[in-house]
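The values are calculated or read from the model by the stated rules, or taken from the named source; none is laboratory data. Given the structure is predicted, the values throughout are model-derived calculations rather than measurements. Quick reminder, even Gly has a Cβ in these numbers, built from the backbone with ideal geometry, and neighbours come from all protein chains shown.
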């Protein structure tokens, strides 16, 4: 018997439909679909906020870096480095 091929977005849509139409508890539905309740709530929130497009695959990419050094600070460090090239750690020319 061949494997059943499903699309993740279709499965998420089926989950949302069942959340709205069935008498099963949310926990039972999440167990049936093999997801955590946290993931189930995330999908429901995305569907309510964005409609079916909210269930599309997303890349796990950070949108910001809170500890990133400010551009002005980087510019100033580079200026100081150019003004004082001998400051800082001694670079190793021979591959030490």
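Structure data summary
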read-out: Enumerated helices (runs of 4 or more DSSP H) restricted to the chain, each holding at least 2 residues that are touching a helix residue (DSSP H, G or I) at 6+ places or on another chain (Cβ under 7 Å); value: 8-21, 26-33, 37-50
read-out: Any chance residue 37 is under 30 Å from the mean Cα position of the chain (by Cα), surrounded by 11 or more Cβ atoms within 10 Å (Cβ to Cβ) and free of Cβ contacts under 8 Å to residues at least 24 places away in the same chain; value: yes
read-out: Total residues in segment 43-62, condition surrounded by fewer than 14 Cβ atoms within 10 Å (Cβ to Cβ) and on the phi < 0 side of the Ramachandran plot; value: 13
read-out: Which listed residue, of 46, 63, is at pLDDT below 90 and within 17 Å of the chain's Cα centre (by Cα); value: 63
